[in-house]
1. Can you give me the % of accessible surface on region 97-240 that is carbon or sulfur? Probe 1.4 Å, all protein chains present, nothing else counted.
2. So for each of 228-234, 130-136 I average, over its residues, the number of other beta carbons within 10 Å; can you give me the resulting order with the highest mean first?
3. Modelling each spin label as a point 7 Å along the Cα-to-Cβ direction, I'd like the His287/Thr7 distance in nm, to one decimal.
4. Sorted by average packing, counted as other Cβ atoms within 10 angstrom per residue and highest first, what order do 44-54, 186-196 take?
5. Which length gain, in nm to one decimal place, applies between Thr51 and Val175 when the Cα-Cα distance is subtracted from 0.36 nm times their residue separation?
6. Each label point is 7 Å from the Cα along the Cα-to-Cβ direction; what then is the distance between the points at Ala298 and Ile238, in nm?
7. Just the number please: accessible area per residue for region 1-113, 1.4 Å probe, all protein chains included, in Å².
8. If you wrap region 48-93's Cα atoms in a convex hull and average its projection over all directions, what's the area in nm²?
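The values are calculated or read from the model by the stated rules, or taken from the named source; none is laboratory data. Since this is a predicted model, take the numbers as computed values, not measurements. Here the Cβ is made from the backbone with ideal geometry for all residues, glycine too, and neighbour counts use every protein chain on show. SASA here: full protein model, heavy atoms, side chains in, ligands and nucleic acids out. Shrake-Rupley method; radii C 1.70, N 1.55, O 1.52, S 1.80 Å.
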Amino acid sequence: MPTPSTTSLILLTGATGYIGGRLLSVLESAGHRVRCVTRRPEALQSCVEPTTEVVSGNVLDGDSLTGTMDGVEIAYYMVHSMGSKGDFEEQDRRAAHNFGAEARRAGVGRIIYLGGLGATSEELSPHLRSRQEVAEVLRASGVQVVEFRASIVIGSGSLSFEMIRSLVERLPVMVTPRWVNVIAQPIAIGDLLQYLSAALDLKTDDHAIFEIGGPDAVSYGDLMREYARQRGLKRLMIPVPLLTPRLSSLWLGLVTPLYARIGRKLIDSIRHPTVVRDDSARQTFPHIRPQGVREAIASALGNEDRECAATHWADAYQRKSRDA
Ligand SMILES: NC(=O)c1ccc[n+]([C@@H]2O[C@H](COP(=O)([O-])OP(=O)(O)OC[C@H]3O[C@@H](n4cnc5c(N)ncnc54)[C@H](OP(=O)(O)O)[C@@H]3O)[C@@H](O)[C@H]2O)c1
């Protein structure tokens, strides 16, 4: 595929969400022409550059996508249905099918998708299984797919980071279920955005899958301790290994009501390590040097004031809850 110039049209979904919203700023700053497809054009219109188009489209409704990808060279798929009350696996499968079909019809050259890390050989949670199934459905459309797989994204506004923050900020003494010991390989939002934008220039005609993460493999408990350390909070963690994922997600809902539905699905997905096993991302994008966990948390806390007007996962989620 030829390298896209700044005059090529790039389609972005999920621009009202956390990662899509941050990616929109990066693409606009680099001078790209962007068309955002969203269920809520009115929520986005006032936040975009004059060169960015905002059009209405719901990936669960194939007809609403017709024409939205005409003239588009590369499309970003940054959508998930985890906040929905219904069967999110079925919805995400249907949404990916609709999106792939319209991309194919419109002659889109590449879809760039961000899914989740997790070895396919292990028994995956419904959430991670669904994230990988979405990539398969997109590939089945016949359009080339560049898939990134990431674990926790560290950044102010990211669902997984905000859940950790919420627990540490609220609970001086925390009973810690088994999932707190599961190992993850977090990535800082800035590094993730570099990978997502570098994928525009990737020279390949084949599908590609890149596992991405920072240099540190740490447990969720380690992340909580490091967050507490940087915030100057004294926290006591008491391990309760017998707390089942079900009970522990109910507990999460009581402690942090905002996370009741979506956090449960997320916690339920923390069964196996989410670490990078394939280093092709490092080889293909050697100029990207991901930050370690300490630095990433410090950046997230340091950027707080600057980013207060930027995207937060709950903006998308609360709208979804109202609409559901
Ligand atoms: N955040 C993380 O820690 C993390 C880690 C690894 C991978 N990822 C992946 O990154 C991607 C984006 O996640 P995020 O954290 O940015 O999620 P998010 O903040 O919850 O945003 C989700 C986005 O999807 C859009 N959306 C949902 N259903 C839609 C539909 N039917 N039609 C059109 N748009 C729809 C929402 O738009 P509305 O305004 O219309 O609701 C929103 O913009 C996902 O694939 C996720 O699996 C995230």
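1. Answer for region 97-240: carbon and sulfur cover 51 percent of the accessible area.
2. Numbers: 228-234: 12.7, 130-136: 21.1.
For the peptides 228-234, 130-136, the packing ranking is 130-136, 228-234.
3. 2.3 nm
4. Numbers: 44-54: 14.5, 186-196: 23.6.
Result, highest mean Cβ count within 10 Å first: 186-196, 44-54.
5. On the way: separation 124, 0.36 × 124 = 44.64 nm, distance 5.00 nm.
Stretched fully, the Thr51-Val175 segment lengthens by 39.6 nm.
6. Here the modelled spin labels are 3.4 nm apart.
7. Values: 4560 Å² over 113 residues.
Counting only protein heavy atoms, the per-residue value for region 1-113 is 40 Å².
8. Its Cα hull, projected and averaged over all orientations, spans 4.4 nm².
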